Amino acid sequence: MAPAEVHHLPATPSTPHHTHLQHALSLARLCPRSTTAFSVGALLVSPTSSAIISDGYSRELPGNTHAEECCLRKFYGTVAAAKAAATGNLEPKDVDYQDGQVQSIFEGYTGEWELDLYTTMVPCSKRMSGLRTCLDRIVEASKVIGPEGKRLIKRVFCGCGEDDRFVKEGNWAEGILREAGIEVWWVGGLENECRNVAEMWLEKKAE
C-alpha cells in the first residue's frame, strides 16, 4: 500500500479546517500549568457535518496525559458507556483501553466513521516518560474498521511541528501516519500561534 498523501493548506482563504484548529487552540489554552510539557488541544470532527465528536487538551485527564490521548479516551468512554447502558450495565467514561481492546468497543457502533483529528501540534512519536505515544494511539484507532471497510480515523490536521526541546531525535509522526494510511494535513497560518500556546508555560528555549 502506498503511503497516504500529505497536504499543506495555505493560510488564506480561511477554511472550516482553520476554524476547527482555532477551536483546538482555545482548548490548548485551558491546559493546566506545566513547565515541563507542551500545551496542546485536539478535536475529533465529523467530516460530513463538522460536528465535534470529542475533544481534549494536555493534562485534562488525571496523570501525565496528552491532548490526543484525552480526546480519544473520552470518545472511547462515551461509546463504551452507551453500549453498557443499553445492556443495563455501568462503565466508567474514562478508561485507558489497551492494545487490542479498541476494536471491540466499536462492535455494533452506528456512529460516524472516517473522522478527522485536529491537533495544535503534530502527535508525539516518543515520550520521555516512556508512556504510550499519541502517534501509537491514533494508528491503533485507524485500524478500527467499520462498515464497507471504513476506518475510524482517516485524516490528521496539524497546526505546528514539534521541536527538539524534549525529544532530541525529532518527531517522525508524519511518516508513520502516512504509512498507516492516514492523510496528514498541515494547516497554514496558525503555526506561530499554535507553537506559542504550546510553549506558554515553558522557559524560553536557549538559542
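Read the figures in this text as sums done on the coordinates, not as results from a lab. All values reported here derive from a predicted model rather than from experimental measurement. We place every Cβ from the backbone using ideal geometry, glycine too, and count neighbours over all the protein chains shown.
In the chain, the inverse of the mean reciprocal separation of distinct Cα atoms equals 17.3 Å; this is its Kirkwood hydrodynamic radius.
Multiplying the residue separation of S26 and I52 by 0.36 nm and subtracting their alpha-carbon distance yields 8.0 nm. Taking A67, A11, A86 as the candidate residues, the one with maximal mean-square fluctuation in a Gaussian network model of the chain, Cα springs under 10 Å, is A86.
Taking every DSSP bridge with both residues inside the chain, close to 45 percent are antiparallel.
A full extension of the chain between V167 and M200 corresponds to an added length of 10.1 nm, given 0.36 nm per residue minus the alpha carbon distance. Label zone of E148 (point 7 Å out along Cα→Cβ, amide N under 13 Å): in the range 33-50 this covers 48. In the elastic network of the chain, a GNM with C-alpha springs shorter than 10 Å, the most mobile of G130, G146, G170 is G130. Taking E148, E193, E169 in turn, the Gaussian network model of the chain (Cα-Cα springs below 10 Å) assigns the largest fluctuation to E148.
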